[in-house]
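This report concerns only the one structure given below.
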Amino acid sequence: MLRTALVSDRRYLKHFAGRRHPERPARVAVMNEMAEQLGRARILALSPREASVEELELCHDPAYVAEVERSASMPRYDFDPDTHASPDSYQTARLAAGGVLTAVEAVMDGAADNAFAIVRPPGHHALAARAMGFCLFNNVAIAARYLIRRRGLKRVLVVDWDVHHGNGTQDIFYDSAEVLYFSTHQFPFYPGSGRLDEVGAGGGAGYTVNAPMPAKFGDNEYLRVFDDVLAPVVRQYRPEFILISAGFDAHFRDPLGGMRVTEAGFSALARRVKRLAAECCGGRMAAALEGGYDLKALADSGRSVIEELGREAGEPLARVGDGARVIPIIERSHYFLARYWKF
Ligand SMILES: [Zn+2]
């Protein structure tokens with residue numbers, strides 16, 4: 001059995017985006033409650049640290065960090081029509097970025113084999129100089145750059161299975177080969193980016209891999225994309241650490257997303273990532289919560305992924321169903337990536 005570090009904290013309830021806003025404190029409340037019920041033997045429970053301003057600036061412009069800090073002195077601050085801050089949001093967002101750093105440090109320092117961070121606000125839409133899509137700081141992007149700048153790694157993989165495209169993460173690393181960004185997402189959908197031909201630019205050409213899929217695709221299509229696109233690219237890239245932007249809004253119950261992934265599907269995706277981590281980087285991986293707006297889907301999927309992280313990587317992969325509807329997308333993906341990777 002593997003030892004999984006689990007980062008959680010009640011302080012993540014303090015960010016308040018507004019009445020009836022789907023990104024609400026109850027999301028982490030149900031995740032924390034679920035985490036309390038997990039078998040404690042294999043779990044290393046950790047409290048998050050705050051990210052320092054210098055760490056936030058690994059990915060964000062100083063003027064933008066200062067803007068978020070200023071929002072703490074106002075009763076409410078609107079970054080865009082979807083993205084709002086309350087007086088506690090700045091501290092909570094620093095704790096979210098820091099929570100992913102805590103998870104990554106636990107794995108890097110050998111305290112745990114892998115990790116899951118239950119954090120909010122989410123991060124993958126946040127750009128270097130702009131909040132967007134409920135996200136203030138890009139938690140996973142900051143962790144990726146921390147691994148490169150502060151831990152000396154040269155290749156970090158980000159797997160983003162949130163139902164939305166992580167435009168912020170893609171943008172931050174679009175011209176860099178140090179971070180390979182892979183995303184499955186509903187398309188066309190918010191935020192509009194993530195087409196197959198967005199493959200990176202300059203020195204980062206080939207290091208952005210998008211798998212946009214129409215609504216109603218589910219476990220079999222996702223698994224097939226992971227097996228036929230993600231796995232061959234990762235085996236050639238040989239990442240030294242894998243981060244997962246683990247949103248659960250591709251779940252069939254989710255009120256915002258239109259996909260049909262089940263909690264068993266999420267654990268099968270996690271198993272594939274875990275096996276790639278075992279092959280490439282001694283199993284080093286950490287997942288961070290992104291979206292997911294149905295409370296039951298969130299807790300069930302979170303449990304299923306955290307339990308999967310604790311199982312030995314050697315167990316056989318669950319059989320992939322047919323998933324044939326996604327084959328044309330896989331073929332077009334291979335077409336756009338053929339200059340960079342062998343399939
Ligand atoms: Zn999302």
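What the table shows:
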read-out: Protein accessible area in the chain, 1.4 Å probe - carbon and sulfur %; value: 50 percent
read-out: Pairwise FRET efficiency - Lys154 versus Ala26, Cβ, R0 = 56 Å, nearest 0.05; value: 0.90
read-out: Rounded to 5, percent antiparallel among DSSP beta bridges of the chain; value: 10 percent
read-out: Exposure ranking of Met108, Met285 by accessible area [1.4 Å probe, largest first]; value: Met108, Met285
read-out: D_trans [Stokes-Einstein, Kirkwood Rh over alpha-carbon pairs] for the chain, 25 °C, 0.890 mPa s, µm² s⁻¹; value: 126 µm²/s
read-out: Proximal lysines to Lys216, defined as alpha-carbon separation beneath 28 angstrom and excluding residues fewer than eight positions away on the same chain; value: Lys274, Lys296
read-out: Probe 1.4 Å, protein heavy atoms only - accessible area per residue of the chain in square angstrom; value: 37 Å²
read-out: Whole-angstrom gap from segment 76-120 to segment 24-52, using each part's C-alpha centre; value: 12 Å
read-out: Cα-based convex hull volume of segment 149-265 per residue, rounded to whole Å³; value: 102 Å³
read-out: Longest DSSP-loop-exposure-free segment, trypsin sites (Lys or Arg not before Pro), the chain, at most 15 other Cβ within 10 Å; value: 217-318
read-out: Estimated D of segment 46-157 in µm² per second, where Rh is the Kirkwood radius over Cα pairs and Stokes-Einstein applies at 20 °C, 1.002 mPa s; value: 152 µm²/s
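The values are calculated or read from the model by the stated rules, or taken from the named source; none is laboratory data. Not measured: the values here are computed from a predicted model. Glycine gets a Cβ as well: all are built from the backbone with ideal geometry, and neighbour counts include every protein chain shown. Accessible surface areas use protein heavy atoms only, side chains included; no ligands, DNA or RNA. Shrake-Rupley method; radii C 1.70, N 1.55, O 1.52, S 1.80 Å.
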